[in-house]
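In what follows, a structure is listed as structure tokens, so that the remarks can point back to it.
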Amino acid sequence: MAKKIRNINLLRHQEKSVIDKFLDWAFTVGRAIVIITESVALSAFAYRFILDRQIIDLKDKIKQEQAIVKLSANNEYTFRSLQNRLLGAKTLEDASGKETMLLNQILERAQGRMSFLSVAIGDETVSMDGTVSSPGAIGSFTADLRGIPGISAVSIDNISNNTKNGALTVSIRATLTK
């Protein structure tokens, strides 16, 4: 069996003074404060590395997103341009269809009575310059023009006698309804 060793203190038991007790307490509390302060400082230092890593990751992600946006910007521009051109083509198709139909109706009514020198179709009026063989042809043509849907009024702007070819030159304006 193992032998027990006993310590024998031959000196009298000395009691610690108040200053010694205070110093022991102060050293113990001071060590604790230093340990806590160093722990907080190390934690802040480690957290800063974590935050720096997150900032770097976010900057990289932003650069990637910016690259995607730049690549998409060209496609977006092309897409919008195509949409605008298609809208313009659709508008022109609708307008030209109406104008073509109106022009065909005018030409049908003028057949055999009037030869056109020019026809201009605007947003609100149709201007026609041409030649007719008789004043009666002008009257019947203008009456027929009033019967076309979409024409609200017809006026004769100018009539002149062309003695070279024995015909009348006439300028007619038709006002379109909206």
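Of note:
- Qualifying residues in region 106-132 (those that are outside any strand (DSSP E or B) and charged (D, E, K, R)) - the one surrounded by the fewest Cβ atoms within 10 Å (Cβ to Cβ): D123
- Taking the conditions (1) in contact with a strand residue (DSSP E or B) (Cβ under 7 Å, 6 or more places away or on another chain); (2) among the basic types (K, R); (3) closer than 20 Å to K178 by Cα in turn, R113 satisfies each one other than (3).
- Candidates L23, L58, L71, filtered to the one that is assigned to a helix (DSSP H, G or I) and at pLDDT 95 or above: L58
- Filter result (surrounded by fewer than 16 Cβ atoms within 10 Å (Cβ to Cβ) and under 19 Å from N104 (Cα atoms)) within region 135-172: S140, A143, R146, G147, P149, G150, S152, A153
- Test for D144: is it farther than 21 Å from R173 by Cβ and among the acidic types (D, E): no
- Among the conditions (1) touching a strand residue (DSSP E or B) at 6+ places or on another chain (Cβ under 7 Å); (2) part of a helix (DSSP H, G or I), S140 misses just one, which is (1).
- Comparison of A153, A174 shows that the only residue that is modelled with pLDDT of 85 or more and closer than 23 Å to D94 by Cβ is A174.
The values are calculated or read from the model by the stated rules, or taken from the named source; none is laboratory data. Everything numeric here is computed off the predicted structure, so don't read it as measured data. Ideal geometry is used to build each Cβ from the backbone, glycine not excepted, and the neighbour counts take in all protein chains shown.
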